[in-house]
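Here, each number is a calculation from the coordinates, and none is a lab measurement. Since this is a predicted model, take the numbers as computed values, not measurements. FYI the Cβ positions are ideal-geometry reconstructions off the backbone, even for glycines, and counts take in every protein chain you see.
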Amino acid sequence: MNIDKQLRESLSQALDKLYNVSIAAESLVLQPTRKEFQGTHTYVTFPIAKQAGKNPQEIADDLGNYLVENDPAVRAFQVVKGFLNLTIHDKIWLNKLVTIAACKSWGQGQKNHQLAVIEIASPNTNKPLHLGHLRNICLGFSVCNILEKAGFEVKKVCIVNDRGIHICKSMVAYQEFGNGATPESLKMKGDHFVGDYYVKFNKAFNKEVEKLVEAGDNPKEAAKNAPILKDAQSMLKKWEAHDPETLALWEKMNRWVYDGFDETYLTIGADFDKIYYESDTYVLGKNIVKEGLEKGVFYQKEDQSVWVDLTDQGLDEKLILRGDGTSVYITQDLGTADLRYDDFQFNHSVYVVGNEQDYHFVVLFKILNRLDRPYADGLYHLSYGMVDLPSGKMKSREGKVVDADQIMDEMIKTAEVHTLELGKIEGLDDQEALKLYKTLGLGALK
């Protein structure tokens with residue numbers, strides 16, 4: 001049974017019987033009831049007031065009483081001025097759920113023999129996951145579920161930002177302030193442990209900039225010349241030169257972070273078909289830069305930096321590779337796109353990334369088109385609004401974030417408190433009760 005169709009037919013009959021107003025059922029408009037009012041379906045009576053010869057509120061009352069008496073689906077109604085809000089019998093919803101549960105193919109499209117790769121999460125190994133990552137994961141996994149139901153074969157992938165200047169910042173801070181501490185010695189999750197050093201780097205950096213400004217530097221020059229930043233830049237060059245000591249520290253700190261990520265993914269219920277690492281793909285990106293220079297897609301400036309000129313398409317010039325040979329984000333994304341296509345031969349590749357990167361993906365997709373990649377037309381950026389705090393944007397380097405583990409723990413605890421208040425765990429042992437709290441808390445979060 002189609003509830004909306006039945007309600008429209010009942011309303012059409014009521015208008016004809018009560019007011020001799022003839023309106024076809026399919027012409028009547030039902031709206032979702034606003035959440036602050038009772039009911040699920042709303043019919044607005046203002047448009048028919050003149051034909052019925054009564055004011056909208058009287059019409060809504062008449063129609064509500066008629067439906068309660070004559071339509072078995074309608075249990076109750078509420079009138080707010082000329083808005084008739086209808087409450088449906090629970091048995092109707094239960095019957096609907098039973099029908100859905102009995103139909104194994106309900107909501108399932110035909111297989112379309114197309115493969116979609118969905119990029120989800122994209123964490124950095126210099127900090128733990130936060131609320132923004134949870135939002136990305138929930139959105140990305142929902143998209144995967146929808147596409148699977150629509151007939152696609154879906155592969156969930158994650159790209160880990162495990163290299164670059166931001167990673168080196170945590171490493172330099174650990175060398176400077178760590179004193180041999182480990183997550184185990186401080187009884188911390190590894191990702192939180194490393195994230196604390198990213199914050200410590202930022203604090204030390206700000207202090208050094210302040211001293212340089214006091215000594216007479218302008219703020220921009222001071223930010224460039226802060227000794228701890230120069231240490232991080234030097235470490236990045238050492239990493240790209242495969243310095244053994246630097247690589248050993250990088251591997252150790254990343255492993256701490258991965259152990260922490262795994263715990264968070266397990267709690268939220270996230271899994272991936274393949275995880276990519278920028279430390280593997282940035283080299284592939286450099287090979288694509290060479291290809292682009294040979295094809296004339298890119299050009300080189302006097303400082304040896306490599307650029308693409310997209311001004312003929314209403315965009316601007318974009319840096320592809322720094323003059324010192326180190327990669328930027330788009331270098332890595334070029335390599336990752338090629339590698340992903342080699343792995344899956346996908347028809348569609350969806351990047352679930354916040355709207356701060358809208359321009360980045362426009363540029364990336366145009367470059368791949370110019371490079372004649374066979375998969376370029378199947379790329380899509382699923383952009384969404386970022387999560388802000390009341391104080392503004394979340395900033396991991398300043399420790400101003402809503403931590404993913406903390407908010408999941410709080411949601412589970414809140415579910416426990418409310419469930420105990422309602423006395424809903426009679427007959428459950430401790431393990432079953434905990435499972436219930438997790439289901440309720442994380443379900444609410446999602």
Run down the lysines and flag those whose C-alpha is under 16 Å from the C-alpha of Lys295, throwing out any fewer than 8 positions away in its chain.
-> Lys286, Lys366
Sequence order, region 232-243: Karplus ³J(HN,Hα) from phi using 6.51 cos²θ - 1.76 cosθ + 1.60, θ = phi - 60°, Hz rounded, Gly and Pro as x, gives 5, 5, 5, 5, 4, 5, 4, 4, 5, 8, 6, 5
Give the residues of region 286-321 whose amide nitrogen is closer than 19 Å to a point set 7 Å from the Cα of Ala223 in the direction of its Cβ.
-> 319
Please find, in a Gaussian network model of the chain (springs between Cα atoms separated by less than 10 Å), the residue of Leu15, Leu131, Leu434 whose mean-square fluctuation is greatest.
-> Leu15
Return the long-range amide H neighbours of His41 (sequence gap of 5 or more, or a different chain), with a cut-off of under 5 Å between placed amide H atoms.
-> Thr33, Leu86
The chain - share of DSSP beta bridges that are antiparallel (%, nearest 5) = 55
What list of ³J(HN,Hα) couplings, whole Hz, do you get for region 18-26 from phi and the Karplus terms 6.51, -1.76, 1.60, once you set θ to phi - 60° and write x for glycine and proline?
-> 7, 10, 6, 9, 9, 10, 4, 4, 5
Which of Gln431, Gln406, Gln78 moves the most in a Gaussian network model of the chain with Cα springs under 10 Å?
-> Gln78
Quick one: plug the Kirkwood hydrodynamic radius of the chain (C-alpha pairs) into Stokes-Einstein at 37 °C, 0.692 mPa s, and report D in µm²/s.
-> 123
Under a plain spin-label model, where a point goes 7 Å from the Cα along Cα-to-Cβ, how far apart in nm are Thr439 and Phe37?
-> 3.5
Spin-label zone in region 342-356 - amide nitrogen under 18 Å from a point set 7 Å from the Cα of Asn145 along the C-beta vector | 352
Computed over the chain: longest principal axis from alpha-carbon atoms vs helix 430-445 long axis, angle to nearest 10 degrees, is 90
Value at 222 nm in deg cm²/dmol, rounded to 500, when DSSP H runs of n ≥ 4 in the chain each add -39,500 (n - 2.57) = -17500 deg cm²/dmol
With only Lys, Arg, Asp and Glu charged, each at its Cβ (+1 for the first two, -1 for the last two), find how big the charge dipole of the chain is about the Cα centre; round to the nearest 20 debye.
-> 680
Under the definition of Cα pairs under 8 Å and six or more residues apart, what whole-number percent is the relative contact order of the chain?
-> 13
Given backbone amide H placed at 1.01 Å from N, residues whose amide H is under 5 Å from that of Val160, ignoring those fewer than 5 places away on the same chain, are Tyr276, Tyr277, Glu278
Once both axes come from the Cα atoms, what is the angle between helix 190-214 and the longest principal axis of the chain, in degrees from 0 to 90, rounded to 10?
-> 60
Anyone know which of His360, His242, His381 comes out most mobile in the 10 Å Cα GNM of the chain?
-> His242
What relative contact order, as a whole-number percentage, does region 3-93 give when Cα pairs under 8 Å and 6 or more residues apart are counted?
-> 27
Give me the net charge of Thr87's neighbourhood, meaning all other residues with Cβ under 12 Å from the Cβ of Thr87; Lys, Arg count +1, Asp, Glu -1.
-> -1
note: region 118-272, Cα-Cα separations exceeding 28 Å make up a percent value of 34
